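A.B. asks: Structure in structure tokens, see below.
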Amino acid sequence: MKKKSWIMYRMLTLLLTVLLVMQLVGCSRKVRENTGGQREETNSSIKDSFNGSKQDGDQDKDLEDSDEESQVRYQDDYYEFINQRLLSRIELAATDAHWDWFGELNAVVSSEMDDIIEELANDGQTYEKGSAEQKIKDLYECVSNMENREATGLGPLNPHMDSIRKASTIAEYVDAMAHLSGEFGFSSIVGGYTVMQDKADSSEYAVYMLYADTLIGKEYVEGENTQEYVDLYLDYINNMLMEFGMSASEAAVSTDSIEGLLRDICASTLTTEQMYDPSITYNVYTAQELQDLYTNIDVEKMLQTLRIDGQDKYIVMDVEQAKKINSLLVEENLQALKDYSTFVLLNDTAEYANERYAKLSDDMKNALYGITESWGDETTWKRLTQDLLPWDFGMIYVEEHFSAKDKEEVEQMIQRILQEYEVIISRQEWMSSETKKKAIKKLETMQIKIGYPDKWPAAKDMMQVTPISEGGSLLSNWLVSMQVAIEDSLDKIGTKVDRSEWDVTPQTINAMYDPLNNEIIFPAAILQAPFYDSDNSDGANLGGIGFVIAHEVSHAFDSSGALYDENGNYNVWWTEEELEEYNRLSQSIVDYYNEYEMMGVKVNGELTLMENIADLGAMTCITSIIGDDAQALDEAFGQMTYNWASEDTTSYMLYLLNTDTHSPNKIRVNAVLSSCDAFYKIYDIKETDGMYVAPKDRVGIWR
């Protein structure tokens, strides 16, 4: 499960891991208005409004009493029925586009880290160089000192920007981009790469050549209902170029040329759902074949500048886009290419630059998401500090908040779920016994990561902070973090993969499945209410953290994960007949979800297929464990539904519908339950009810 804010990780390896490798699901503290968008009230008072996981055993009375308070019937809209009290109390703050429990818990974690930042910033002490305290204290000073940020300007990036702007030939332009990417990892049109596990042999690392930056994204650029947002983005490009120093007329011409390139590139770019398909994205090239692909540039020189020359193979993920880029790398497009890369560099740098660049970037993000008010300076500064020192804050979080007891109990639940999935796989009549054995082997060898790493990543100590007193700035320290990511990646080339490494910090409110490691990951911060509560019943916890766990396990057998074997290698281990049946079942899921809509916009069943398979499989697993216990089923259904409660601005919901691989939360609940046979066994659902789906039309791979 996955819910992503606009603030994107710029570490290329982590970005690619999140996009291409990991399939994601998305406390007794106060709910915070400035981040969660909810009035000040304790979580316990919110829980008092929840009917689905009460422990009094009187499910019928709960349903009846709640029904009297509202016209919403559980038979017509289970999501609204369960969450009506909670949703009635949520008022999105002007600073927020979205509220859900992931964001709420993230706000709690961030607030706790904020307290640490504030204490260090005001204690007047000096700390040992390289310690977490020194890095946090000095980085926050760099972030919050706007005079220093103004004086720094583009700082160390100025020589690279000059090389781009002064390039007089395509060769000079490509060389400028390669130097920028090689030093800091920036990529706009050509020259970007990342190092990650080889999909054909996940014990080794491979170099993956990155695709172009499509700015607002293919889905927006080509969407029928998103052109007003594209226009807003083009205005943003224009304003950024004027801030850079172009005249109004120059900026207008450059913006037009950037738009032309953008639409041309997007027309040849893979869709989001295609990017998850290794049969499309795993394309092996030698250096000579790369030269044949990019005929308009000197590939060997580019690879040497990037420090990735001499490899036996390079993986090109989007071949058609690469062909398009090559066709655009001609002299008549030189100025447009330079303008495009200029904007990308400015855009990537904006939140770390001076106040004017940062405000332009923030205003654009707010407009895209329907946010009417920006965060205050201090909130923004503290979030940036946390983003740039994720592992240092992770160590602090673990020391103060991690529960070994909760970890043990969750581990036991994971084993129950893995065992039940073996039962589910064994009863699939469309699978051969040999294929079932391979699937069960994948379950038996699945690696489980809970809490935090035994050994902290090398990047934590590699990331050092230079204070202002020694010539440091926010921009220079951010660029160090970019260089750390590059050096860490280059260090991996030629070594064996260490499968014990973590790419996810313990304070992350999420859960993941990584097909290349065949592993499920549950960071420490997800092991708290409402997802997990040691005081809850077994049924409620199965519907909470149990559903999350089963969802991640299901990703091992979704439309992408099923293409990897127990060792994490891209290896189709199904018979042709089984694949044909799998694809038929998948298409029925696509068609099923295509009929759901939000705000009059249909869900994209192709885009959301993997996550829908995982949701449906998770519900099958949980209900199979519970069996015929009506009270436990009621508690599980209610807790799962409560956990997916969310509120969105219209603009943000449109963003999700166009780009998110998950269905909207309301549909994640109602569509799954309407296809769940156990749901009908304990509730009075008739053919005339909104939640009813005929047995023949209920969907799922794992039934």
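The values are calculated or read from the model by the stated rules, or taken from the named source; none is laboratory data. As the structure is a computational prediction, the values presented were derived from the model and not from experiment. Here the Cβ positions follow ideal geometry from the backbone for every residue, glycine too, while neighbour counts run over all protein chains shown. To get the accessible areas, we keep the full protein, side chains included, count just its heavy atoms, and leave off ligands, DNA and RNA. Shrake-Rupley method; radii C 1.70, N 1.55, O 1.52, S 1.80 Å.
A.B. asks: Please say if the range 179-258 is rounded, prolate or oblate, where rounded means a/c under 1.5 for a ≥ b ≥ c the square roots of the C-alpha gyration tensor eigenvalues, and otherwise the choice is prolate for a/b larger than b/c and oblate otherwise?
C.D. replies: oblate
A.B. asks: Using a 1.4 angstrom probe with every protein chain in place, what is the largest-first accessible-area order of Thr372, Thr214, Thr295?
C.D. replies: In descending accessible area the options line up as Thr372, Thr295, Thr214.
A.B. asks: Give the peptides 313-326, 486-499 in descending order of average Cβ contacts within 10 Å, highest first. Walk me through the numbers on the way to the answer.
C.D. replies: Values: 313-326: 18.8, 486-499: 14.8.
Final packing ranking: 313-326, 486-499.
A.B. asks: Once the other residues with Cβ under 13 Å from the Cβ of Leu232 are scored (Lys, Arg +1; Asp, Glu -1), what is the net sum? Intermediate results must be reported in sequence, preceding the final value.
C.D. replies: Numbers: positive: Lys365; negative: Glu228, Asp231, Asp235, Glu259, Asp363.
Residues near Leu232 contribute -4 overall.
A.B. asks: While we're here: Based solely on its DSSP helices, what 222 nm [θ] is calculated for the chain when runs of n ≥ 4 H residues each add -39,500 (n - 2.57) and the sum is averaged over all residues, nearest 500 deg cm²/dmol? Please list the in-between numbers first.
C.D. replies: Numbers: 34 runs with 382 residues, N = 703.
Per the formula, -16500 deg cm²/dmol.
A.B. asks: Also, I was wondering about something else. Simple spin-label model, 7 Å along Cα-to-Cβ: Thr271 to Ser469 in nm?
C.D. replies: 5.7
A.B. asks: Test of the criteria: in the range 381-432, which GluC sites (Glu not before Pro) are in a DSSP loop and have at most 14 other Cβ atoms within 10 angstrom of their Cβ?
C.D. replies: Values: sites: Glu399, Glu400, Glu408, Glu409, Glu411, Glu420, Glu422, Glu429; in loops: Glu429.
Passing both the DSSP loop test and the Cβ count: Glu429.
A.B. asks: At 7 Å along Cα-to-Cβ for each site, give me the label-to-label distance between Lys696 and Glu399 in nm.
C.D. replies: In this crude label model, Lys696 to Glu399 measures out at 6.4 nm.
A.B. asks: Okay, moving on. With a/c under 1.5 counting as rounded, go ahead and sort the range 501-599 into rounded, prolate or oblate using the C-alpha gyration tensor (a ≥ b ≥ c being the square roots of the eigenvalues; past the cut-off, prolate if a/b is larger than b/c, else oblate). Kindly include the intermediate steps, with their values, before the conclusion.
C.D. replies: Working: a/c = 2.29, a/b = 1.39, b/c = 1.64.
Verdict is oblate for the range 501-599.
A.B. asks: Okay, next question. If the cut-off is 17 Å between C-alpha atoms, which lysines fall inside it for Lys137, apart from same-chain ones fewer than 8 positions away?
C.D. replies: Straight-distance partners of Lys137: Lys129, Lys382, Lys460.
A.B. asks: First select every other residue whose beta carbon is under 10 angstrom from the beta carbon of Glu150; then total the charges, Lys and Arg +1, Asp and Glu -1. Walk me through the numbers before you get to the answer.
C.D. replies: On the way: positive: Arg149, Arg356; negative: Glu147, Glu355.
Its environment carries a net charge of 0.
A.B. asks: Quick one: net charge around Ala287, please, counting Lys, Arg +1 and Asp, Glu -1 for every other residue with C-beta under 15 Å from its C-beta. Present the calculation step by step, with values, prior to reporting the outcome.
C.D. replies: Values: positive: Lys301, Arg307, Lys313; negative: Glu289, Asp292, Asp298, Glu300, Asp309, Asp312.
Counting the neighbours of Ala287, the net charge comes to -3.
A.B. asks: If R0 is 25 Å, what FRET efficiency do you get for Gln291 and Glu331 from their C-beta distance, rounded to 0.05? Provide the component values of the computation, followed by the final result.
C.D. replies: Values: r = 19 Å, r/R0 = 0.77.
It comes out at approximately 0.80.
A.B. asks: Along the range 532-540, what does the Karplus equation 6.51 cos²θ - 1.76 cosθ + 1.60 (θ = phi - 60°) give for ³J(HN,Hα), rounded to whole Hz, x for Gly and Pro?
C.D. replies: Karplus-based 3J(HN,Hα) across the range 532-540 equals 9, 8, 4, 8, 6, 5, 4, x, 5 Hz.
A.B. asks: What is the magnitude of the charge dipole of the range 372-508 about its Cα centre, with +1 placed on the Cβ of each Lys and Arg, -1 on the Cβ of each Asp and Glu, and no other charges, expressed in debye to the nearest 20? Let's see the in-between values first.
C.D. replies: Details: 17 positive and 25 negative charges, 171 e Å.
For this selection, approximately 820 debye.
A.B. asks: Placing +1 at every Lys and Arg Cβ and -1 at every Asp and Glu Cβ, with all other atoms neutral, what dipole size does the range 590-664 have around its Cα centre, in debye to the nearest 20?
C.D. replies: Working: 1 positive and 13 negative charges, 36 e Å.
It comes to approximately 180 debye.
A.B. asks: Still on this model: Roughly speaking, what is the centre-to-centre gap between the range 629-687 and the range 99-171 when only Cα atoms are used, to the nearest Å?
C.D. replies: Spelled out, the Cα-based centre of one part sits 39 Å from the other.
A.B. asks: What number comes out for accessible area per residue over the chain if the probe is 1.4 Å? Units Å², please.
C.D. replies: Numbers: 26830 Å² over 703 residues.
Ligands and nucleic acids excluded, the figure is 38 Å² per residue.
A.B. asks: Antiparallel versus total DSSP beta bridges in the chain: what percent is that, nearest 5?
C.D. replies: Details: 22 of 30 bridges.
Roughly 75 percent of the DSSP beta bridges within the chain come out antiparallel.
A.B. asks: About its Cα centre, what dipole magnitude does the chain give when the only charges are +1 on Lys and Arg Cβ and -1 on Asp and Glu Cβ, stated in debye to the nearest 20? Walk me through the numbers before you get to the answer.
C.D. replies: On the way: 58 positive and 126 negative charges, 228 e Å.
Dipole magnitude for the chain comes out near 1100 debye.
A.B. asks: Another question, then. One quarter of the convex hull surface, Cα atoms only: what value does that give for the range 608-697 in nm²?
C.D. replies: Numbers: hull surface 25.7 nm².
Over all viewing directions, the range 608-697 projects a mean Cα-hull area of 6.4 nm².
A.B. asks: Then there's this: Classify the range 454-540: rounded, prolate or oblate, from the alpha-carbon gyration tensor (a ≥ b ≥ c, eigenvalue square roots; a/c under 1.5 rounded; otherwise prolate if a/b is larger than b/c)?
C.D. replies: oblate
A.B. asks: Moving to a separate point now. Out of Ser187, Phe402, Ile667, whose Cα points farthest toward the positive end of the dipole of the chain (charges: +1 Lys, Arg; -1 Asp, Glu; placed on Cβ)?
C.D. replies: Ser187
A.B. asks: Let me ask something else about it. With the cut-off at 31 Å, tell me which of the pairs Lys359/Lys407; Lys449/Lys666; Lys365/Lys492 have Cα atoms farther apart than that. Numbers along the way, then the final one.
C.D. replies: On the way: Lys359/Lys407 42 Å; Lys449/Lys666 29 Å; Lys365/Lys492 35 Å.
Distance filter (> 31 Å) returns Lys359/Lys407; Lys365/Lys492.
A.B. asks: What list of ³J(HN,Hα) values in whole Hz, one per residue of the range 487-499 in order, does the Karplus curve 6.51 cos²θ - 1.76 cosθ + 1.60 (θ = phi - 60°) give from phi, with Gly and Pro shown as x?
C.D. replies: So the Karplus estimates, Gly and Pro as x, are 5, 4, 5, 5, 5, 7, 4, x, 9, 7, 5, 8, 6 Hz.
A.B. asks: Taking a 1.4 Å probe, which of Glu300, Glu566, Glu112 shows the most accessible area, and what order do the others take after it?
C.D. replies: On the way: Glu300 80, Glu566 60, Glu112 25 Å².
So the residues, ranked largest to smallest area, are Glu300, Glu566, Glu112.
A.B. asks: Give me the number: length gained by fully extending Lys166 to Asp235, i.e. 0.36 nm times residue separation minus the C-alpha to C-alpha distance, one decimal in nm. Please list the in-between numbers first.
C.D. replies: Working: separation 69, 0.36 × 69 = 24.84 nm, distance 2.49 nm.
Full extension from Lys166 to Asp235 adds 22.4 nm.
A.B. asks: Here are labelled values, [x] 1.03; [y] 1.10; [z] 0.96, and one is the computed Rg/Rh (Cα atoms, Kirkwood Rh) for what I pasted. Which one?
C.D. replies: Read-out taken from this structure: [z].
A.B. asks: Let me ask another. Please report, as a whole percent, how much of the solvent-accessible surface of the chain comes from carbon and sulfur atoms (probe radius 1.4 Å).
C.D. replies: Working: 12290 of 26830 Å².
Taking all protein chains in place, the chain shows 46 percent carbon and sulfur surface.
A.B. asks: Still on this structure, I have one more. Could you order peptides 166-177, 686-697 by the average number of other Cβ atoms within 10 Å of their residues, highest first? Please list the in-between numbers first.
C.D. replies: Details: 166-177: 18.6, 686-697: 12.0.
With the highest mean Cβ count within 10 Å placed first, the list reads 166-177, 686-697.
A.B. asks: Here's a follow-up. Rank Met431, Ser163, Phe343 by how far each Cα sits towards the positive end of the charge dipole of the chain (+1 on Lys, Arg Cβ; -1 on Asp, Glu Cβ) and give me just the farthest.
C.D. replies: Farthest towards the positive end: Ser163.
A.B. asks: Let me ask something else. Return the distance in nm (one decimal) between the two label points of a simple spin-label model at Gln447 and Arg307, each offset 7 Å from Cα along Cα→Cβ.
C.D. replies: Label-label distance for Gln447 and Arg307, simple model: 2.5 nm.
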